[in-house]
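Enquirer: Have a look at this one.
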Amino acid sequence: MTQTESSLTANSAWQTLQSHHAQISNVHMRELFSADPDRGQRLTAEALGIYLDYSKNRITDETVKLLVELAERSGLRSRIDAMFRGDKINATEERAVLHVALRAAKDQSIVVDGEDVVPEVHAVLDKMAAFCDRVRSGQWKGHTGKSIRTIVNIGIGGSDLGPVMAYEALRHYSQRDLQFRFVSNIDGTDLAEALQDLDPAETLFIVASKTFTTQETLTNAHSARRWCLDGLGDEAAIAKHFVAVSTNAEQVAAFGIDTANMFGFWDWVGGRYSFDSAIGLSLMLSIGPVQFREMLAGMHAMDTHFQTAPFDQNLPVLLALLGIWYNNFFDAQSVAILPYDHYLGKLTAYLQQLDMESNGKQVDLEGNAVDYQTGPIIWGAPGTNGQHAFYQLIHQGTKMIPCDFIGFCETLNPLGNHHDLLMANFFAQTEALAMGKTEAEVRADGVDEFQVPHRIFAGNHPTNTILMGRLTSESFGQLIAMYEHKVFVQGAIWNINSFDQWGVELGKVLAKKIVPELAPSGSEPLQHDSSTNALIERYRSGKKS
Ligand code: F6P
């Protein structure tokens, strides 16, 4: 792998940003705000009811102008057009990238390999809706004639994180007499705990796997199948208690699931972009087809905004450019996602896969090693819990951690003044992070002298505030599509393929090789490095059976 000077760092917009960074990197947001009373209103953008305040960033109007120039000179517009047109922009897998087609309106047409995919998308949605109506109404009966009470989604990665995140996010709209469990880990504890209080006669399994070859999912699905057969004692039960979501009908049939009970999708849907396809069947079972379609409408509205809004008012583009500003010019290593809504408790884990699996890349589209940083580390936790755990480091540690604060004006669970208290914390945090507390202010509080340095807050910590009206299926769809496109924009500017994931392969291959070495009969001489050999030996002698 050779390192060449990339066209990105040679780009004049990039170089101008570097000089601009040298000029403003030490300017404090306190100065920026006091010199410019309108800053908090001006450095904002609004679309579809999402209000983005990006004024608490280490930027000036000039920074925004230069970042937008970088986007333009990096060919972002043509990359957006190529994706929406259905070009095979996932070059290493020779696939189109068309999650936007999953929420396209019925009268749209998007052609892949000579075929309009939109009618197929709607046909699957209709099939899902009909199935969900039957299960939700109790019409779908299990093997013994009982209705389904629990749905267990078995999947991993995009076939788990999206569905479980969205299920939790929209739980307010769920049918409460159905319960949902999500099993992903190959650790048997996950499945065992999920099943221990369930009745197989009332349980429906969704085996969700794009490829239907994923070791974790198939292992869990086979164990679930055994549990079901042990409980119901009849192969015929499988057809009533197992459905599949996959692109691989052959493997679904080989597993023993009737392909009439299979919901399909397509190779142009990436796993981490798939919960709005049939992979979201568990979500549709929970919230129903009407709410599911509202979510799709929200995503579609964001797609249109992304496709048409000028870059300096385009929410995903602005978020992406601000991320690039810190990642590539301030050398920030991570981004914290901090949702101030308990329903969004799994958003960070979902965005971790979305962003890190997409943009954790070391070579550009031409296969050259990049000479700039690509995707950041994504982490975080819902507010206010994070405040009592890791915010200390964001406020007073030595690392720069740009944060996205996500909050809603209205709560879905009005309970005393809880929501005002939550949001008071939300506003207080971004204010504290930006403005800090000076030595003079600390002294003015009359604190003991020895404590003064410990109680100073440097401030100047960048945050984006994403303020929305109310968490609905539609606004949730908008929020997720906004992040999908943010990740796309960053990948486009870094000139990497955001849609493959070769980095997960090596570990999978090595694990397959190790499996027989751990079996009781495994006695072949080990041929790994000395550390791995010794660890396997220790495991072999340490395990009881
Ligand atoms: O190993 C990574 C990955 O391929 C993800 O990209 C994907 O979401 C996950 O595994 C699950 O894959 P599948 O849906 O094919 O089981």
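Enquirer: How many residues does the range 247-260 hold that are outside any helix (DSSP H, G or I) and surrounded by fewer than 19 Cβ atoms within 10 Å (Cβ to Cβ)?
Expert: Final tally of qualifying residues: 3.
Enquirer: Within the range 27-37, does at least one residue satisfy the condition of being in the same structural domain as L315 (by the TED database), of a type in the set (A, V, I, L, M, F, W, C) and exposed (fewer than 15 other Cβ atoms within 10 Å of the Cβ)?
Expert: Yes, the conditions are met somewhere in the range 27-37.
Enquirer: Also, quick follow-up: Tell me, please, whether a residue that is among the charged types (D, E, K, R) and buried (at least 16 other Cβ atoms within 10 Å of the Cβ) can be found in the range 369-392.
Expert: No, because not a single residue in the range 369-392 is among the charged types (D, E, K, R) and buried (at least 16 other Cβ atoms within 10 Å of the Cβ).
Enquirer: Could I ask something else about it? Please find, among Q478, Q490, the residue that is over 30 Å from V363 (Cα atoms), modelled with pLDDT of 95 or more and in a helix (DSSP H, G or I).
Expert: Q478
Enquirer: Next question, about the same structure. Would you confirm, using the coordinates I've provided, whether I186 is of a type in the set (A, V, I, L, M), under 30 Å from W268 (Cα atoms) and not in a strand (DSSP E or B)?
Expert: Spelling it out, I186 is indeed of a type in the set (A, V, I, L, M), under 30 Å from W268 (Cα atoms) and not in a strand (DSSP E or B).
Enquirer: I've got another one for you. Would you say D81 is at pLDDT 95 or above, in a loop (DSSP other than H, G, I, E, B), under 30 Å from the mean Cα position of the chain (by Cα) and not assigned by the TED database to the domain that holds H485?
Expert: Taking the combined requirement at face value, the residue does not satisfy it.
Enquirer: Also: Looking at A71, A101, A129, which is the one that is assigned to a helix (DSSP H, G or I), out of contact with any Lys or Arg (no Cβ under 9 Å at 6 or more places or on another chain), on the phi < 0 side of the Ramachandran plot and among the aliphatic types (A, V, I, L, M)?
Expert: Checking each option against the conditions leaves just A101.
Enquirer: Check E235, E168, E193 and return the single one that is in the same structural domain as G280 (by the TED database) and either within 15 Å of the ligand (Cβ to nearest atom) or closer than 21 Å to K146 by Cα (or both).
Expert: Checking each option against the conditions leaves just E235.
Results for (1) at pLDDT 95 or above; (2) of a type in the set (A, V, I, L, M, F, W, C); (3) more than 30 Å from D276 (Cβ to Cβ), shown as yes or no for each residue.
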{"site": "A332", "(1), (2), (3)": "yes, yes, yes"}
{"site": "I337", "(1), (2), (3)": "yes, yes, no"}
{"site": "Y340", "(1), (2), (3)": "yes, no, no"}
{"site": "Q353", "(1), (2), (3)": "yes, no, no"}
{"site": "V363", "(1), (2), (3)": "yes, yes, no"}
{"site": "P376", "(1), (2), (3)": "yes, no, no"}
{"site": "W379", "(1), (2), (3)": "yes, yes, no"}
{"site": "G386", "(1), (2), (3)": "yes, no, no"}
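Enquirer: Sticking with this structure for a sec: In the range 439-449, is there at least one residue being farther than 30 Å from D341 by Cα, in contact (Cβ under 8 Å) with a residue 12 or more places away in the chain and in contact with a Gly (Cβ under 8 Å, 6 or more places away or on another chain)?
Expert: Looking for residues that are farther than 30 Å from D341 by Cα, in contact (Cβ under 8 Å) with a residue 12 or more places away in the chain and in contact with a Gly (Cβ under 8 Å, 6 or more places away or on another chain), one finds none in the range 439-449, hence no.
Enquirer: Just checking, which of T203, T247, T219 is within 15 Å of the ligand (Cβ to nearest atom), out of contact with any helix residue (DSSP H, G or I) (no Cβ under 6 Å at 6 or more places or on another chain), of a type in the set (V, I, T) and under 22 Å from A130 (Cβ atoms)?
Expert: T247
Enquirer: If you take the residues in the range 266-287 that are within 11 Å of the ligand (Cβ to nearest atom) and in a helix (DSSP H, G or I), which one is surrounded by the most Cβ atoms within 10 Å (Cβ to Cβ)?
Expert: I279
Enquirer: Looking at the range 213-226, I want the residues that are among the acidic types (D, E) and have a partner that is within 11 Å of the ligand (Cβ to nearest atom) and not in a helix (DSSP H, G or I) with Cβ atoms under 6 Å, at least 6 apart or on another chain. Which pairs are those?
Expert: Partner pairs satisfying both residue conditions: E216/I156.
Enquirer: Right, another one. Restricting attention to the range 250-265, does a residue exist that is within 16 Å of the ligand (Cβ to nearest atom), closer than 10 Å to K210 by Cα and either in contact with a strand residue (DSSP E or B) (Cβ under 8 Å, 6 or more places away or on another chain) or in contact (Cβ under 8 Å) with a residue 40 or more places away in the chain (or both)?
Expert: The answer is yes, given that some residue of the range 250-265 is within 16 Å of the ligand (Cβ to nearest atom), closer than 10 Å to K210 by Cα and either in contact with a strand residue (DSSP E or B) (Cβ under 8 Å, 6 or more places away or on another chain) or in contact (Cβ under 8 Å) with a residue 40 or more places away in the chain (or both).
Enquirer: Against the conditions (1) part of a helix (DSSP H, G or I); (2) closer than 21 Å to K127 by Cα, where does A244 fall short? Just the number, please.
Expert: Among (1) part of a helix (DSSP H, G or I); (2) closer than 21 Å to K127 by Cα, A244 violates only (1).
Enquirer: Out of (1) crowded, with 19+ Cβ neighbours inside 10 Å; (2) assigned by the TED database to the domain that holds T398; (3) in a loop (DSSP other than H, G, I, E, B); (4) not aliphatic (A, V, I, L, M), the odd one out for D331 is which?
Expert: (1)
Enquirer: Count, please, the residues in the range 132-146 that happen to be farther than 21 Å from R225 by Cβ and either outside any helix (DSSP H, G or I) or within 16 Å of the ligand (Cβ to nearest atom) (or both).
Expert: So the count comes out to 2.
Enquirer: Additional query: Considering the range 23-52 alone, what residues qualify as being touching a residue at least 12 places away in the same chain (Cβ under 8 Å) and of a type in the set (A, V, I, L, M)?
Expert: Across the range 23-52, the qualifying residues are I24, V27, M29, L32, L43, A45, A47, L48, I50, L52.
Enquirer: Identify the residue in the range 370-395 that is in contact with a Lys or Arg (Cβ under 8 Å, 6 or more places away or on another chain) and in a loop (DSSP other than H, G, I, E, B) and, among all such residues, is farthest from A332 (Cα to Cα).
Expert: If we take residues in the range 370-395 being in contact with a Lys or Arg (Cβ under 8 Å, 6 or more places away or on another chain) and in a loop (DSSP other than H, G, I, E, B), then V370 is farthest from A332 (Cα to Cα).
Enquirer: Now for a different question. Which one is surrounded by the fewest Cβ atoms within 10 Å (Cβ to Cβ) among residues in the range 445-481 that are touching a helix residue (DSSP H, G or I) at 6+ places or on another chain (Cβ under 6 Å) and at positive phi?
Expert: Among those that are touching a helix residue (DSSP H, G or I) at 6+ places or on another chain (Cβ under 6 Å) and at positive phi, it is G459.
Enquirer: Give the range 147-175 a look and list any residue that's within 25 Å of D187 (Cα to Cα), aliphatic (A, V, I, L, M) and assigned to a helix (DSSP H, G or I), or say none.
Expert: L161, V164, M165, A166
The values are calculated or read from the model by the stated rules, or taken from the named source; none is laboratory data. Not measured: the values here are computed from a predicted model. Because the Cβ atoms are built from the backbone with ideal geometry, glycine has one as well, and the counts that use them run over all protein chains shown.
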